[in-house]
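Trainee: Take this structure, written in structure tokens, and hold onto it; I'll ask about it next.
The values are calculated or read from the model by the stated rules, or taken from the named source; none is laboratory data. This one's a predicted model, so the numbers in the text were calculated from it and none came from an experiment. Cβ sites come from the backbone with ideal geometry, for glycine too, and all protein chains shown count toward neighbours. Calculation scope for accessible area: heavy atoms of the full protein, side chains included, ligands and nucleic acids excluded. Shrake-Rupley method; radii C 1.70, N 1.55, O 1.52, S 1.80 Å.
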Amino acid sequence: LKSLSLYDCEINSLQGIGMLDTLETLNVGRNPLKDLPDDFVQLQNLKVLWLDDCSLEGTLPTVICELAQLD
């Protein structure tokens with residue numbers, strides 16, 4: 001799986017997303033996500049990430065900074 005859109009699906013958690021380590025594009029915009037799970041760092045092939053209109057709190061999650069392929 002290279003591309004996944006979960007836009008506006010009322011998702012509260014992305015727990016377990018790390019097992020999709022072949023993902024290159026992920027759209028989880030417009031979901032009530034408040035944080036990203038620790039296994040998000042396993043998405044090392046991720047190039048495009050949409051988090052628009054989510055409910056993330058505080059500063060940019062550090063796990064995002066560990067994804068070297070992100071544009």
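Trainee: Taking the condition of being out of contact with any helix residue (DSSP H, G or I) (no Cβ under 9 Å at 6 or more places or on another chain) and crowded, with 17+ Cβ neighbours inside 10 Å, how many residues in segment 1-16 meet it?
Mentor: The total comes to 1.
Trainee: Looking only at segment 17-71, which residues are assigned to a helix (DSSP H, G or I) and open to solvent by less than 50 Å² (accessible area, probe 1.4 Å)?
Mentor: Of everything in segment 17-71, those that are assigned to a helix (DSSP H, G or I) and open to solvent by less than 50 Å² (accessible area, probe 1.4 Å) turn out to be ILE17, GLY18, ASP39, PHE40, VAL41, VAL63, ILE64.
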